[in-house]
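Heads up: the structure comes next, in structure tokens.
The values are calculated or read from the model by the stated rules, or taken from the named source; none is laboratory data. All values derive from a computational prediction rather than experimental measurement. Here the Cβ is made from the backbone with ideal geometry for all residues, glycine too, and neighbour counts use every protein chain on show. Protein only, heavy atoms only, side chains kept; ligands, DNA and RNA dropped before computing areas. Shrake-Rupley method; radii C 1.70, N 1.55, O 1.52, S 1.80 Å.
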Amino acid sequence: MPADPILALDARHVWHPFTQARTAPDPTVIVRGEGASLYTADGTRLLDLVSSWWVNLHGHAHPDIAGAIAAQAHALEHVIFAGFTHAPAATLAARLADQLPGDLNRVFYSDNGSTAVEVALKIALQAAHNRGEARTRLLAFEGGYHGDTFGAMSAGASSGFYAPFQDKLFDVTFLPYPATWAGDPAVEAKEAAALSALDAALGEDVAAIILEPLLQGAAGMRLTRPAFVDEVMRRVRGAGALVIFDEVMTGFGRTGQLWAAHHLHGAPDLMCLSKGLTGGFLPMGVTATTEVLYRAFDGDSFAQAFAHGHSYTANPLACAAALASLDLTLSPETAAHWARIGAAHAAFLPELAAHPCLQHVRQCGTVLAAEIHGAGEYGGNVSLDLRRFFAARGLLLRPLGNVVYLLPPYVVTNEELRQGHEALLAAATGFGRPHGGAHGEGAS
């Protein structure tokens, strides 16, 4: 057993996510956070350049959010949300409705990104049922990741994580995803193939398509062009089906706009939010939809109601955190951070693209990614070795296989970004091997 008492307790009792306990090193014990940094018990600093799994927007232990939670805890910590309401939940729903794209003005609260997706899928399917429409099939893109509950797994089965549960997942039609990067000569052919597959899949039995707009996160920060997503929406709507955006990761400014949807000409019928929703403080999910879909559940019988909920639906503490985080997100200072981080990434792109061991360099807003050629493919064991490499340099980076990405809190400084940039180059030199193909540069 480890000498550290926390590690000893952890080793005996804790089951960690996405971890093979037999081969993984001991977890790092973190005692506090401040700004873009985390600190261990001996004072070692780790620069958190992945926002602790993409949730932290404004820096660790931000006093505005911490203060809002403390004040709310002294007034009301929780109340059942069936038959009751409270100011934080009603206010947050109204404020989100003011900011959401298109006609999204109804908010259903849940616990996390996976449950937000479950809610969206169930709304799409039940709305068709309530209307007497035989729309029972869903579409999704290959490589999409939407969470780890069963509906979310079904919509993300092609990600490769769900083999033990394959016979328990419901049928979803998967379409090719035209992942691209700047200078990709095959982008138009990829998009044409994807749209052709979409046309073949669309039918009167399709209820909805679910997608991560512009940026597939867990698949390796894979980008696609806004015009492609617009065309997908146009064709799906033309077939009478709904569009669900999973903005669990892309929301709250990650793409350089408040929502990835703001890069597009259209807006979805349902949108899933979580991760940055509370600024990284508390678990919470939101599924936003339109008044039209909300009214599809009207009726004299409870059979038409949406019979879904969670014990901590609309938890007042999480709502208070989300309201404080939203204030920060909508401030001019945060918009300036988005622009500054994006500009710092963009200035670094030529240096990345010139490295002989890097390929498919891409950027979307505050997200930067590149693949280390020759370091093994996505899903291989190189990720653990790379994590150790970065940790030894004081950086929290969690590569997706051979894909190294930066997705920092907005308070990160340019100097701290440069530390991440330089470590990426060093990792490419240490783990990669040169390749002869074009590797592109710039934002997609």
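Are there GluC sites (Glu not before Pro) in region 144-238 that DSSP marks as loop and that have at most 15 other Cβ atoms within 10 Å, and which are they?
E204
Can you give the three extents of the C-alpha atoms in region 204-274 along their principal axes, from longest to shortest, in whole Å?
That gives 34, 21, 20 Å along the principal axes, largest extent first.
In whole Å, what are the extents of region 69-120 along the principal axes defined by its C-alpha atoms, from largest to smallest?
Principal extents (largest minus smallest coordinate, Cα): 36, 24, 23 Å.
Extending each Cα 7 Å along its Cβ direction at T91 and D42, get the distance between those two points in nm, one decimal.
The two pseudo-label positions are separated by 4.5 nm.
How much of the DSSP beta bridge set in the chain is antiparallel, as a percent to the nearest 5?
Of those bridges, close to 65 percent are antiparallel.
Using 10 Å bins from zero, what percent of all Cα-Cα pairs in region 252-335 falls into each bin?
In whole percents, the pair-distance histogram is 15, 37, 33, 13, 2.
Provide the gained length on full extension for the span H262 to D230, in nm with one decimal, where the gain is 0.36 nm per separating residue minus the Cα-Cα distance. The partial results should precede the final answer.
Details: separation 32, 0.36 × 32 = 11.52 nm, distance 1.13 nm.
Residue separation times 0.36 nm, minus the Cα-Cα distance, leaves 10.4 nm.
So which trypsin sites (Lys or Arg not before Pro) in region 1-90 pass both tests, a DSSP loop state and at most 12 other Cβ atoms within 10 Å of the Cβ?
Listed in order of number, the matching sites are R22.
Before rounding to the nearest 500, sum -39500 (n - 2.57) across all DSSP H runs of length at least 4 in the chain and divide by the residue total; then give [θ] at 222 nm in deg cm²/dmol.
The helix-only estimate for the chain comes to -11000 deg cm²/dmol at 222 nm.
Any chance you could check the Cα centroid distance between region 62-104 and region 336-401 for me, in angstrom?
Here the answer is 35 Å between Cα centres.
Which whole number in µm²/s is D for the chain by Stokes-Einstein, with the Kirkwood Rh taken over Cα pairs at 10 °C and 1.306 mPa s? Mind showing how you got there, number by number?
On the way: Rh = 22.7 Å.
Approximately 70 µm²/s, per Stokes-Einstein.
Given labels modelled 7 Å from the Cα in the Cβ direction, how far is it in nm from F150 to D385?
The modelled label-to-label distance comes out at 4.0 nm.
Going by the alpha-carbon gyration tensor, a ≥ b ≥ c the square roots of its eigenvalues, is region 349-413 rounded (a/c under 1.5) or, if a/c is not under 1.5, prolate (a/b greater than b/c) versus oblate?
Oblate is the answer for region 349-413, as a/c is 1.5 or above yet b/c matches or exceeds a/b.
Using a 7 Å offset from the Cα along the Cα-to-Cβ direction at both T28 and A73, what is the distance between the two label points in nm, to one decimal?
For the pair T28/A73, the computed spacing is 2.6 nm.
Can you give me the % of accessible surface on the chain that is carbon or sulfur? Probe 1.4 Å, all protein chains present, nothing else counted.
56 percent
Average projected area of the Cα convex hull of region 1-110, in nm²? It would help to have the intermediate numbers written out before the result.
Values: hull surface 43.5 nm².
Projected over every direction and averaged, the Cα hull of region 1-110 covers 10.9 nm².
Just to be sure I understand: with springs between alpha-carbon atoms less than 10 Å apart, which residue in V14, V361, V382 has the highest mean-square fluctuation in the Gaussian network model of the chain?
Comparing V14, V361, V382 in a Gaussian network model of the chain, the most mobile one is V14.
Please tell me the relative contact order of the chain in percent, rounded to the nearest whole number, where contacts are Cα pairs under 8 Å and at least six residues apart.
21 percent
Assuming R0 = 51 Å, can you tell me the calculated FRET efficiency for the pair F302 and S196, based on Cβ-Cβ distance, to the nearest 0.05?
0.75
Could you name the lysines whose alpha carbon sits less than 22 Å from that of K168, not counting residues in the same chain fewer than 8 places away?
Result set, ordered by chain and number: K122.
What's the center-to-center distance, using Cα atoms, between region 251-325 and region 1-53 in Å?
When both Cα centres are located, 31 Å separates them.
Sort I6, I244, I30 by accessible area with a 1.4 Å probe, largest first.
Reading off the accessible areas and sorting them downward yields I6, I30, I244.
Order these peptides, 94-104, 165-175, by their mean beta-carbon neighbour count within 10 angstrom, highest first. Walk me through the numbers on the way to the answer.
Working: 94-104: 16.7, 165-175: 13.9.
Put in order of decreasing packing, that is 94-104, 165-175.
Taking all pairs of different Cα atoms in region 290-394, averaging 1/r and flipping that mean, what Kirkwood radius in angstroms comes out?
When all Cα pairs of region 290-394 are included, the Kirkwood radius is 19.2 Å.
Rolling a 1.4 angstrom probe over the protein heavy atoms, how many square angstrom per residue are accessible across the chain?
For the chain, the per-residue accessible area is 43 Å².
Select from region 302-398 those GluC sites (Glu not before Pro) which occupy a DSSP coil region and have at most 15 other Cβ atoms within 10 Å, ordered by residue number. Present the calculation step by step, with values, prior to reporting the outcome.
Details: sites: E333, E351, E371, E377; in loops: E377.
The qualifying sites are E377.
Most mobile of I372, I80, I65 per a Gaussian network model of the chain (Cα springs, under 10 Å)?
I80
Applying the Karplus parametrisation 6.51 cos²θ - 1.76 cosθ + 1.60 with θ = phi - 60° to the phi angles of region 135-152, what ³J(HN,Hα) value in whole Hz is obtained for each residue in order, glycine and proline being reported as x?
Using θ = phi - 60°, the values come out as 9, 10, 10, 10, 10, 7, 9, 4, x, x, 10, 10, x, 10, 7, 5, x, 5 Hz.
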